Amino acid sequence: MAPGRRLAPPARATARRVAVRGQTRLVQGGDRRLARAGTQGRPKTGPSPVDRARTGSKHHVITDGAGIPLAVTLTGGNRHDVTQLLPLIEAIPPVRGRRGRPRRRPDSLYADRAYDYDIYRDQIRARGITPYIAQRGVEHGSGLGVHRWVAEQSIALLHWFRRLRIRWEIRDDIHEAFLSLACSIICYRRLIK
């Protein structure tokens, strides 16, 4: 501080350089300033198309018929759902059940209208999976909503965990760790019933 309760010339020059570059990227967080998630070009955040282009993330989940999450991914809020369909299918771990080799892929796949692309239908069929995907432009009531509700219920269960409902973590690996932990808790609760 210079005499007269003003900033000294070197401090003013530094503050001016930071203001010109815009490197602070801080937001008000109660009584302190917090770094915003997504302003530094984080890999798994993006402008949300439904929330006034605020940066955010999406959870993509693939479940079995009972609603147990088999695989989950995290992407930016601006990524289309269909881009994560094949990575989710590939991420399904071997599931033990009957005697013999563990299953690595399901017999059928139910999905909503966001996944209605012929390219992806063909790629799913090439993997030996029968796709049941609702078609765009067709009136609701095809009956797929009964099966699709299982995945929506799993996403709702994930968002019961306050830490996942709103992404507070700046680092995506920490958020993915909480996401995996929540899936483990959901699996445990389903399996003990």
### Query
Based only on the alpha carbon positions, what is the Kirkwood hydrodynamic radius of the range 73-176, in angstrom?
16.0 Å
## Note on the structure
FRET efficiency (His159, Gln123; Cβ distance; R0 35 Å; to 0.05) is 0.75
### Task
Using only Cα atoms, locate the centre of the range 58-131 and the centre of the range 173-193, then give the distance between them in Å, rounded to an integer.
18 Å
### Message
Students often check this: by mean Cβ neighbours within 10 Å, which of 55-68, 177-190 ranks highest, and how do the rest follow?
### Response
55-68, 177-190
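Values quoted throughout were computed directly from the atomic coordinates according to the rules given, and no laboratory measurement underlies them. Predicted model, so just to flag it, every value in this text is computed and none were measured. Quick reminder, even Gly has a Cβ in these numbers, built from the backbone with ideal geometry, and neighbours come from all protein chains shown.
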